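The values are calculated or read from the model by the stated rules, or taken from the named source; none is laboratory data. These figures come from a predicted structure and were not determined experimentally. We place every Cβ from the backbone using ideal geometry, glycine too, and count neighbours over all the protein chains shown. These accessible areas exclude ligands, DNA and RNA; they are computed on the full protein's heavy atoms, side chains included. Shrake-Rupley method; radii C 1.70, N 1.55, O 1.52, S 1.80 Å.
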Amino acid sequence: MDGSGLPETRSTCPYCGVGCGVLLRPDGQGGMDVRGDPDHPANHARLCSKGSALAETIGLEHRLLAPRVDGRDCDWDSALQHVADRFSDTIARHGPDSVGFYVSGQLLTEDYYVANKLMKGFIGSANIDTNSRLCMASSVAGHKRAFGTDTVPGTYEDLDAADLVVLVGSNLAWCHPVLYQRLLAARKARGTRIVVIDPRRTATCDSADMHLALAPGSDVALFNRLLTTLYEGGALDAGYLRQTNGFDRAIETAFSDDARVTGLSPDRIEAFCELWMRTEKVVTIYSQGVNQSSSGSDKVNAILNCHLATGRIGKPGMGPLSVTGQPNAMGGREVGGLANMLACHLDLENPDHRAAVRSFWDAPQMPDAPGLKAVDMFRAVGDGRIKALWIIHTNPAVSMPEADAVRDAIAGCDFTVVSDITAATDTARLADVLLPATAWAEKEGTVTNSDRTISRQRSVLPAPGAARPDWAILAELGRRMGFDRAFDYASPAEIFREYATLSGIAGQFGRDFDISGLARMTDAAYAGLVPVRWPVTAMRAGGRFFADGGFFHADGKARFVPVSYRAPASKTGPRYPFRLNTGRLRDQWHTMTRTALSPRLAAHMPEPFIELHPEDAAAQGIAPADLVQVQSPHGRAILRARITDSVQPGQVFAPMHWTGETAPSARIDGLVAAETDPVSGQPESKASVVALSRFKAAWYGFAVSRDAMAPTADYWALARTGQGYRAEMAGHTPPTDWEQEARRLFAAPGASAMSILDAARGTARIALHEEGALIGALFVAPRPVAVMRDYLVTLPGAAAEGVLQGRPAADVPNPGPVLCSCLGVGVNTIVEAVETQGLISVDAIGEALGAGTNCGSCRPEIAALLQNLHNPEAAQ
Ligand SMILES: Nc1nc2c(c(=O)[nH]1)N[C@H]1C(S)=C(S)[C@@H](COP(=O)(O)OP(=O)(O)OC[C@H]3O[C@@H](n4cnc5c(=O)[nH]c(N)nc54)[C@H](O)[C@@H]3O)O[C@H]1N2
Ligand SMILES: Nc1nc2c(c(=O)[nH]1)N[C@H]1C(S)=C(S)[C@@H](COP(=O)(O)OP(=O)(O)OC[C@H]3O[C@@H](n4cnc5c(=O)[nH]c(N)nc54)[C@H](O)[C@@H]3O)O[C@H]1N2
Ligand code: SF4
Ligand SMILES: [Mo]
């Protein structure tokens, strides 16, 4: 309860693996108040920009509200019977391995458990894999090799206690913002040093003491050098080494590696190694710059080797910490969502584990070999080995490498089922059967975050239309395929109890994941479950692992893995001279099906782009705001140029978020090669090769509209605004009649038009009004259109006589691009306040304008802006 007297419900943010607690209070009219839960151990009331904007994403207008078979709405009974018949028939004719499930680290644990049980225990195939293969698989493989299980040794509290935090391939400021704010708070309190290891200068680097911009893929060589420094500097923990095996070979291999491949100067390397060696309390955080690599598992083990050698693991303020991406990436690993795992960290290939799970499930059959991993699974879909596919809570036609081939494979599959909350995704558009799932605020279950804390998600909104929870859809399919008893679940609590009981069996096998202490929870206790860190048994609750050894290999010892540098799998050359790095933006979530609904999130970066170094831009004749054509061996894209020295020469960076729905020429995974790590099967999403050239557009356009618009150009990108939509466009051949084109674009054949057309110059400005309100305005030029976008987006819906000027009358203030999305504060507003009020710190700006005071995610950018204003030469 808070001041207003209405009840608030505790739940968990559905985005990143920080796993922040939220307090939700629906207003009963489709709206909702969202604030950070002060009592949740992951965030202590903080939320980032995405969490703060959750209420803007719960509208129903884009939702899938009924099952759909072959494009027609139908009832659940016929849709599910159809799916059950097609799956059963395919299995009867072609065997269990002719079907597959492709699921997601965003499923709740209960959903995931049922999917895994149905495929592995009852269909009898291991062909269930998950988008966690694109995300955490290398960390899982690295943990298993070193520890014997997929265990995260430390906790978030270690960030509060560390003296040095090394961030390897992690843009924590944008991707785990609340954890980053926690780190900055610790730094303020105790002077924690921060080192960032990333080929790119990211927002995370803004508060780092050291940024090592190493060559892409060269992390193993750097950490091998660290290991040899530790050895030579006498920093090994001889006592702890007795808890391990294989140090001699690992150090020998490390000595044979050459750190020069990192491209870093010997001084920088030495400074980093010395700092690490001399600081006992060190936490190494790593993420996709490590995992998404053809040597991802080796990168993980290169890092773990250094922590094991010094015994800096599982103790306060010390240890490796792989931060998970998705809200339940960790839970998915626990339930065995990957094709090579069984539930509760048991191994599919271990006959005793298999027998135990089979008997617990009373399962008719159980596969004895791993199923197809994501990349291979979609190859099998493409060549017809998999004939029936069910995709749940993920958008592989966008997010898989070689995405155009994946899209074609799904389109060509005999039978594809997609469970989603919307039909407007690149994947859902290819489905034979669409099943409407309840969304985040409508469902019940649990998730596990990066530090093993299990939290509840609770429903506060009614299921819209016919939507059903994912676990219920899966269980009903199980029953219809003839497995009535095994899938006779009445509630998520019942599933959770079964799962917790099974974890007790895993505990008897000596596995780490044991939550048997929760197995007898009543429905009421499940309803009231407070965040709890596993393990939860009669003997043990939460805590860290491995401070005194106690590893999960048969001999109880950890293993050093000898690793050597391997270059990224795709090689640059004359044809494809640039290395393409990809990743995330602060205010968008993956394929944007939810975050793009929020105008304030869209305002941060409303258009897809490619970052390239000024030297490369000059050499290719690419100017700021030009469009760039990007070609790889697998596909083609058109993106806006952002010329910046935050990337190194020869390297380019593009965000992963845009799709066929928002910018069809910017589906970045269409360019990415499906090269994988040999151990983990994780694709190398960060090191493809491409060629660049200027996209020679004959015309460029910018449009704002009140209602949805339908751009159809060689290049277009659409985004939400507070007043409707905005779009960038460009093309080779201009339409013959711009006014007609504007009427088509805004679907307003009868609106009254104002226009300024200059055919000789190739410019056109058209505004359409209906009943005195602007419904759309289109600006066209032969060069990138120069108009004040942040002003124009405010106009639709109201009378806007002066709109064709493209900028406000001189006396109207223009806030500029939004920098703080929580409070909607623009760059110009901040610049003006800095200049007129003499503000010199981020805090002072916060006090004056509020900017940066809610979630804090924009504080690095405010700091960069300040530096730029006060010392323009230094900031360039
Ligand atoms: N805003 C936002 N937050 C998110 C998400 C989102 O979509 N949006 N998604 C969530 C998910 S699922 C995930 S997995 C996480 C990912 O979180 P992060 O891993 O932090 O994010 P990325 O941007 O994918 O990549 C991190 C960095 O790796 C660097 N990198 C590339 N190659 C190398 C290399 O060879 N070595 C090193 N050391 N670094 C390299 C890139 O330049 C990039 O800055 O974020 C989660 N949080
Ligand atoms: N180039 C490149 N590619 C990458 C990456 C990269 O760094 N670079 N990162 C990879 C990583 S780490 C990840 S995690 C993936 C993420 O990639 P995806 O998993 O493909 O991306 P999302 O947009 O999160 O897809 C989630 C889907 O689930 C739907 N959905 C939302 N709520 C529900 C629900 O409650 N039930 C159901 N059934 N559906 C729901 C959404 O509408 C959306 O369509 O991308 C990977 N791809
Ligand atoms: S850091 Fe942001 S996106 Fe991640 S869980 Fe917290 S509020 Fe959600
Ligand atoms: Mo991820």
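Dividing the mean sequence gap of close Cα pairs (under 8 Å, 6+ apart) by how many residues the chain holds gives a relative contact order of 15 percent.
Rounded to the nearest 5, what % of the DSSP beta bridges within the chain are antiparallel ones? Mind dumping the intermediate values first?
On the way: 74 of 119 bridges.
That works out to approximately 60 percent antiparallel.
With the convex hull of its Cα atoms as the shape, segment 699-805 has an orientation-averaged projected area of 5.8 nm².
Residues whose amide H comes within less than 5 Å of that of residue 286, counting only those at least five positions distant or on another chain, are 168, 321, 322, 323 (H built at 1.01 Å from N in the peptide plane).
In order along segment 333-345, phi translates into HN-Hα couplings of 5, 5, 7, x, x, 7, 5, 10, 10, 10, 4, 6, 6 Hz, rounded to whole numbers, per the Karplus curve 6.51 cos²θ - 1.76 cosθ + 1.60 with θ = phi - 60° and x for Gly and Pro. Here's the list of aspartates and glutamates a cross-link from residue 696 could span, going by alpha-carbon distance under 17 Å and ignoring same-chain residues fewer than 8 apart: 626, 714, 728.
At a 1.4 Å probe radius, which order do 575, 511, 379, 333 fall into by accessible area, largest first?
Numbers: 575 180, 511 35, 379 115, 333 5 Å².
The ranking, largest first, comes out as 575, 379, 511, 333.
Taking the DSSP beta bridges with both ends in segment 137-322, the antiparallel portion is around 5 percent.
Backbone N atoms of segment 698-736 closer than 18 Å to the 7 Å Cα→Cβ label point of residue 798 belong to residues 704-707, 721-726.
Here the label points at residue 76 and residue 770, each 7 Å from Cα along the C-beta direction, are separated by 3.7 nm in the simple model.
Quick one: ranking 672, 793 by accessible area, 1.4 Å probe, largest first, what do you get? Each step should come with its number before you reach the end.
Working: 672 0, 793 20 Å².
Descending accessible area places them as 793, 672.
Solvent-accessible area per residue in segment 3-57 equals 36 Å², computed with a 1.4 angstrom probe and all protein chains kept. The Stokes-Einstein estimate for segment 137-322, based on a Kirkwood radius over Cα pairs and taken at 4 °C with 1.567 mPa s viscosity, is a diffusion coefficient of 80 µm²/s. When the P(r) of segment 512-581 is calculated, the portion above 19 Å amounts to 63% of the C-alpha pairs.
Between residue 805 and residue 538, 0.36 nm times their residue separation minus their Cα-Cα distance comes to what? Each step should come with its number before you reach the end.
Values: separation 267, 0.36 × 267 = 96.12 nm, distance 7.21 nm.
Using 0.36 nm per residue and subtracting the Cα-Cα distance, I get 88.9 nm.
So for segment 578-694: antiparallel DSSP bridges make up what percent, rounded to the nearest 5? It would help to have the intermediate numbers written out before the result.
On the way: 15 of 24 bridges.
So the antiparallel bridges amount to about 60 percent of the total.
Centroid-to-centroid, using Cα positions, segment 71-126 and segment 761-796 are 49 Å apart. Of interest is the spacing of the C-alpha centroids, which for segment 182-225 and segment 350-393 amounts to 39 Å. Among the protein heavy atoms of segment 3-57, carbon and sulfur supply 50% of the accessible surface, probe 1.4 Å, non-protein parts ignored. With viscosity 1.567 mPa s and temperature 4 °C, the Kirkwood radius over alpha carbon pairs of segment 818-875 converts through Stokes-Einstein to a diffusion coefficient of 117 µm²/s. Sorting 611, 56 by accessible area puts them as 56, 611; the probe is 1.4 Å, largest comes first, and only protein heavy atoms count.
Can you show me the helix-derived [θ] at 222 nm for the chain, built from DSSP H runs with n ≥ 4 at -39,500 (n - 2.57) apiece and divided by the number of residues, rounded to the nearest 500.
Working: 29 runs with 255 residues, N = 876.
So the calculated ellipticity at 222 nm is -8000 deg cm²/dmol.
Normalising by residue count, segment 230-322 has a Cα convex hull of 112 Å³ per residue. Annotation: segment 412-563 has a Kirkwood hydrodynamic radius of 18.4 angstrom, from the mean reciprocal C-alpha pair distance.
Listed cross-link partners 188/315; 299/443; 315/571 are compared with a 32 Å cut-off, the Cα-Cα value being larger for 299/443; 315/571. Evaluated at q = 0.11 Å⁻¹, the base-10 log of the normalised Debye intensity for segment 618-695, with identical point scatterers placed on the Cα atoms, takes the values -0.31.
Hey, could you get me the Stokes-Einstein D for segment 718-876, Kirkwood radius over alpha-carbon pairs, 10 °C and 1.306 mPa s, rounded to whole µm² s⁻¹? If you can, show how the numbers build up before the last one.
Numbers: Rh = 17.9 Å.
Answer from the Stokes-Einstein relation: 89 µm²/s.
Quick one: accessible area per residue over segment 143-262, 1.4 Å probe, rounded to a whole number of Å²?
Numbers: 3950 Å² over 120 residues.
On a per-residue basis, 33 Å².
For segment 188-198, 3J(HN,Hα) computed residue by residue from phi via the Karplus equation (6.51, -1.76, 1.60; θ = phi - 60°) reads 5, 6, 10, x, 3, 8, 10, 10, 10, 10, 6 Hz, glycine and proline entered as x. Placing pseudo-labels 7 Å out from each Cα toward the beta carbon at residue 698 and residue 245 gives an inter-label distance of 7.0 nm.
Counting only protein heavy atoms and a 1.4 Å probe, segment 578-694 has 27 square angstrom of accessible area per residue.
The equivalent ellipsoid of segment 3-57 has semi-axes of 18, 13, 8 Å, largest first, where each one is the square root of 5 times an eigenvalue of the Cα gyration tensor. Restricting the calculation to alpha carbons of segment 397-486 gives Rg and Dmax of 15.9, 41 angstrom. When the solvent-accessible area of segment 578-694 is split by element, carbon and sulfur atoms take up 51 percent of it, the probe being 1.4 Å.
Can you tell me the length gained on complete extension of the stretch residue 753 to residue 255, counting 0.36 nm per residue apart and subtracting the Cα distance? Don't skip to the answer; put the middle values down first.
Values: separation 498, 0.36 × 498 = 179.28 nm, distance 7.31 nm.
Length difference between fully extended and current span is 172.0 nm.
Rolling a 1.4 angstrom probe over segment 120-175 with all protein chains present gives an accessible area of which 58% lies on carbon and sulfur atoms. Rounded to whole Å, the principal axis extents of the Cα atoms in segment 445-491 read 38, 28, 15, largest first. I'd like the FRET efficiency for residue 89 and residue 564, computed as 1/(1 + (r/R0)^6) with the beta carbon distance as r and R0 of 51 Å, rounded to 0.05. Calculated value: 0.55. Multiplying the residue separation of residue 828 and residue 408 by 0.36 nm and removing their Cα-Cα distance gives an extension gain of 146.7 nm. As a ratio to 2.2 N^0.38 Å, the alpha-carbon radius of gyration for the chain is 0.93. Put the Cα centre of segment 434-458 next to the Cα centre of segment 606-668 and the gap is 35 Å. Pairwise Cα distances in segment 700-749 exceed 15 Å for 41 percent of all pairs.
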